[in-house]
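Accompanying notes for the structure given below.
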Amino acid sequence: MYAKSKYLNPRNDVAFKMLFGTEDHKDLLISFLNGVLELDGPREIKDVTFLTPMQVPKFAGAKLSIVDVLCRDQSGVQYIVEMQISQNPDFVKRVQYYAAKAYTHQLKVAENYPQLNQVVFLAIADHIIFPKKADYKSLHITKDVKTQENDLQAFRFTFVELPKFTKELGDLTTIEDKWLYFLRYADHEKEMPDLFKGTTIEEAYVTLDRFNWSDSQIITYEDAALAIVDYEGTIKHAVKHAVAEGKIDTAKNLLKAGASIELIKAGTGLSEAEINQLKSEPTSL
């Protein structure tokens, strides 16, 4: 599926880290963070220092992986950027865990709490996280319930749900628009749109041009893509198995209640042969 486009998938773990997690493309990360987080004035990022990312399981059953980007700006604020491709019910919890871990890791032995700086988490998801929210971007901070004052400022969480971003080329007006369009559609394009020529995002397109990647880099990229496919396949199989087990349990309960074969067939979708097999099992009744 990747051969159809000139550009690799920016949502792929390897490609995402190539774009935003290296010294060579530090300017891309700065532009991306300033644009999507709408940072200007005293909060505008001028420079970043990459930090050693925390090693934590990215999803259940996976080997230890590294969070996509962890950096610190010129004022000491830490930023975590995470690209999430596969849907995971624990993603929001994991985001909070990452942020808390980054916050506490700032405190070295014998240091005081004033040394702790704010942690900003930017989560980009290739799926829906908050079904009830209409907007593609949401900001989450800690507020006083009564006064709505933001007294506790240790954490800021921004979530971007790419499927909700539906702007077309003619609708792109801000740097945020252009970055999110790039993330969602770059791997579907044969050529870079003229709109991006002469901008920082042109560098991002050049970076993802498959002809600029070595054979070994392409193999690593494809391995990351296959890992996601395998993970999603495992989840689907587990769901199907759980559904099947549920039908069997229902059939057993109906048999215990004296229900007819026809009623059980209608209620569970099991065949007559499958139901008779359950009847013959000593533990079924």
If R0 is 51 Å, what FRET efficiency do you get for T173 and K247 from their C-beta distance, rounded to 0.05?
-> 0.45
Roughly how many whole Å is it from the C-alpha centroid of region 245-284 to that of region 152-214?
-> 53
Partner aspartates and glutamates whose C-alpha sits under 13 Å from that of K26, ignoring same-chain residues fewer than 8 away, are D47, D73, E203
For region 63-213, just the Cα atoms, rotate onto the principal axes and tell me the three extents in Å, largest first.
-> 54, 37, 34
Can you give me the Cα centroid spacing of region 30-49 and region 73-123 in angstrom?
-> 17
From the residues A100, N117, F16, which one has its Cα farthest along the dipole of region 13-213 in the positive direction, the dipole being from +1 and -1 charges on Cβ of Lys/Arg and Asp/Glu about the Cα centre?
-> A100
Sort H25, H105 so the one with the fewest other Cβ atoms within 10 Å of its own Cβ comes first.
-> H105, H25
Evaluate the distance, in nm, between pseudo-label points positioned 7 Å from the Cα of K190 and of I219 along their respective Cα→Cβ axes.
-> 3.2
Tell me, H140, H188 in order of fewest to most beta-carbon neighbours within 10 Å?
-> H188, H140
Fully extended, how many nm does the chain gain between E272 and K132 (0.36 nm per residue separation, minus their Cα-Cα distance)?
-> 46.2 nm
Beyond 18 Å between alpha-carbons counts as too far, so tell me which of K17/K108; K137/K178; K137/K167; K17/K190; K6/K137; K137/K164 fall in that bin.
-> K17/K108; K17/K190; K6/K137
Hey, fewest Cβ within 10 Å first, where do K252, K132, K143 land in order?
-> K132, K143, K252
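Every number here is computed from the coordinates shown, using simple stated rules; none is lab data. Since we're looking at a predicted model, the values are computed, not measured. Cβ atoms come from the backbone with ideal geometry, glycine included; neighbour counts cover every protein chain shown.
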